[in-house]
Amino acid sequence: MDLYEFPDEVIRAAGEIKKAWHRYYNELNELTTKGVYTDWSGILSETQLYMLQSDISYMISPKVFNLFARDEIRETCDFLGRGCYHLDGTGQIAHLDALLEIESLKLIQWVPGDGSYDPDEWIGVNSRIMAAGKHLQVMDRNFSQLDRIITYFGHGKNTAVYQINLPATHRKQAYDILRRYDCFGV
């Protein structure tokens, strides 16, 4: 309700939160980073990155998203240099075009959400992300989504895989599979 009743206050408070987040991100990196960055998504990078998300975006229109979320996401992606975004749920697809316009947003992790079809059924969303020149991170339990992407596109360029709940006993098998996919540019 605050988005509608007190929009200026929401924008002001969000700006303060963003400023503090940027400050503490830098301070934490000074204490911990030794040339390699990572976050909860499991991506490793030699430059700053972070998987951003805006869960409220699932419940707001593109107009409201553009007013309250898009610029903050763009500014944080600019700050990072290698911004990533967790597109979580079918309700956020309405904001995909606005996200794809953010130049410093380099990667989108698409997850259709609970109760939705398996992510590999959403090849249209994957296509839009890749056609915009963004990297795509897929969450895959058994590499079926990656197989579908390679079959559809003929390659896995600009695709990163996040393996969910991979038991330690299966890590060697996963590394073998990823070496196989290396020839497809994954």
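Remarks
- Number of the condition not met by ASP88 [criteria: (1) within 21 Å of SER61 (Cα to Cα); (2) in contact with an Asp or Glu (Cβ under 8 Å, 6 or more places away or on another chain); (3) modelled with pLDDT under 85; (4) charged (D, E, K, R)]: (3)
- For region 66-89, a residue qualifies if it is closer than 21 Å to ARG12 by Cα and of a type in the set (D, E, K, R), and the qualifying residues are ARG70, ASP71, GLU72, ARG74, GLU75, ASP78.
Quick grid of which residues meet (1) closer than 24 Å to LEU96 by Cα; (2) surrounded by 15 or more Cβ atoms within 10 Å (Cβ to Cβ); (3) at pLDDT 85 or above:
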| site | (1), (2), (3) |
| --- | --- |
| GLU5 | no, no, yes |
| ALA13 | no, no, yes |
| THR33 | no, no, no |
| ILE60 | yes, yes, yes |
| ARG74 | yes, yes, yes |
| CYS77 | yes, yes, yes |
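- Yes/no for GLU9 being of a type in the set (Asp, Glu) and surrounded by 10 or more Cβ atoms within 10 Å (Cβ to Cβ): yes
- Sole residue being over 18 Å from the mean Cα position of the chain (by Cα) and hydroxyl-bearing (Ser, Thr, Tyr), chosen from THR32, THR47, THR38: THR32
- Hey, GLY113 of a type outside the set (A, V, I, L, M), surrounded by fewer than 17 Cβ atoms within 10 Å (Cβ to Cβ) and touching a residue at least 12 places away in the same chain (Cβ under 8 Å) or not: yes
- Any hit, region 79-91, residues being at negative phi and without any contact (Cβ under 8 Å) to a residue 24 or more places away in the chain: no
- Matching option when the condition is of a type in the set (S, T, N, Q), touching a Gly at 6+ places or on another chain (Cβ under 9 Å) and touching a residue at least 24 places away in the same chain (Cβ under 8 Å), among SER45, SER61, SER57: SER57
The values are calculated or read from the model by the stated rules, or taken from the named source; none is laboratory data. Here the structure is a predicted model, which is why all the values come from computation and not from measurement. When we count neighbours, we look across all protein chains shown, and the Cβ atoms used for this are built from the backbone with ideal geometry, even at glycine.
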